[in-house]
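The values are calculated or read from the model by the stated rules, or taken from the named source; none is laboratory data. For clarity, every value in this text was computed on a predicted model and none was experimentally measured. Note that each Cβ is placed from the backbone with ideal geometry, even for glycine, and that neighbours are counted across all protein chains shown.
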């Protein structure tokens, strides 16, 4: 999965901003840093802690307002002069896989999925390391140790699960960290066996999470942020109907040409 789902980097205390009216005590602002998606631009996020008995309800509200979760915090881009990142979610009940996505399913025939508690396992961490070394060697998470990986998986104040994918012979294929929220599932981070990249494992895991949401009778699968025209995020437009969050709330993304495999995602 591409790096837009990377955890927030821990850069010391965030600067305090205005109070949030949805039941959380305060927001902070992360320092400016180069944007990994749009050359020449800088990114920052507004952040609030997720803790206590009301964290799940607060996060449900914030997710519907375009926020995402990382560890024990919710965040949303607040970049100077730029609103390119928009939160995206798939309408589960109306989703019908395209011809190219049906081919993805066929290429991965025999791969099984098992939902497990969100615990950091040694074999998962070993795969995580191989994935980063092959797919994102210069990314913000490159070189993350066992402690950081454990925090990525286990630090959560909401209901978090792992989707573990294995090949027919038992070999580990991939892992998706996802949250269970009131109106859907929210994909937090996914990684996979880099040797299977030609089989589009990222798209396959999204397809299986869509099936999981359907079995749970949940209406949405949240996919994180999407930028129109950004190659790293074009794969999200393959999953229709796709809604994006903007000034007018959630609106249906206009149909456009697509359906091709993107970066073997």
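Specify which of the listed residues (147, 159) is farther than 20 Å from residue 234 by Cβ and out of contact with any strand residue (DSSP E or B) (no Cβ under 6 Å at 6 or more places or on another chain). The conditions single out 147.
Where strands (runs of 3 or more DSSP E) fall entirely within the range 200-255, those with at least 2 residues that are under 21 Å from residue 38 (Cβ atoms) are at 220-226, 242-246. Applying a threshold of 6 Å to beta carbon distances and a minimum spacing of six or more residues, or different chains, the list of pairs starting in the range 228-243 at a residue that is within 13 Å of residue 207 (Cα to Cα) and ending at one that is buried (at least 19 other Cβ atoms within 10 Å of the Cβ) and at pLDDT 85 or above reads 236/88; 236/223; 236/226; 239/90. Could you say whether any residue in the range 89-99 is surrounded by 20 or more Cβ atoms within 10 Å (Cβ to Cβ) and assigned to a strand (DSSP E or B)? Scanning the range 89-99 turns up at least one residue that is surrounded by 20 or more Cβ atoms within 10 Å (Cβ to Cβ) and assigned to a strand (DSSP E or B). Quick one: would you say residue 112 is in the same structural domain as residue 208 (by TED's automatic domain parsing) and at pLDDT 90 or above? Here the answer is yes, as residue 112 does meet what is asked. State yes or no: is residue 163 closer than 19 Å to residue 69 by Cα, in contact (Cβ under 8 Å) with a residue 12 or more places away in the chain, in a loop (DSSP other than H, G, I, E, B) and in contact with a helix residue (DSSP H, G or I) (Cβ under 8 Å, 6 or more places away or on another chain)? No. Of these, 7, 80, which one is in a loop (DSSP other than H, G, I, E, B), under 27 Å from residue 231 (Cα atoms) and modelled with pLDDT of 90 or more? The unique qualifying residue is 80. Just to be sure I understand, how many residues within the range 101-123 are more than 19 Å from residue 222 (Cα to Cα), in a helix (DSSP H, G or I) and touching a helix residue (DSSP H, G or I) at 6+ places or on another chain (Cβ under 7 Å)? Result for the range 101-123: 3.
Within the range 34-56, being closer than 15 Å to residue 83 by Cα and in contact with a helix residue (DSSP H, G or I) (Cβ under 7 Å, 6 or more places away or on another chain) holds for 36, 37.
Scan the range 34-42 and tell me whether some residue there is modelled with pLDDT under 95, over 18 Å from the mean Cα position of the chain (by Cα), closer than 26 Å to residue 138 by Cβ and in a strand (DSSP E or B). So far as the range 34-42 goes, yes, one or more of its residues are modelled with pLDDT under 95, over 18 Å from the mean Cα position of the chain (by Cα), closer than 26 Å to residue 138 by Cβ and in a strand (DSSP E or B).
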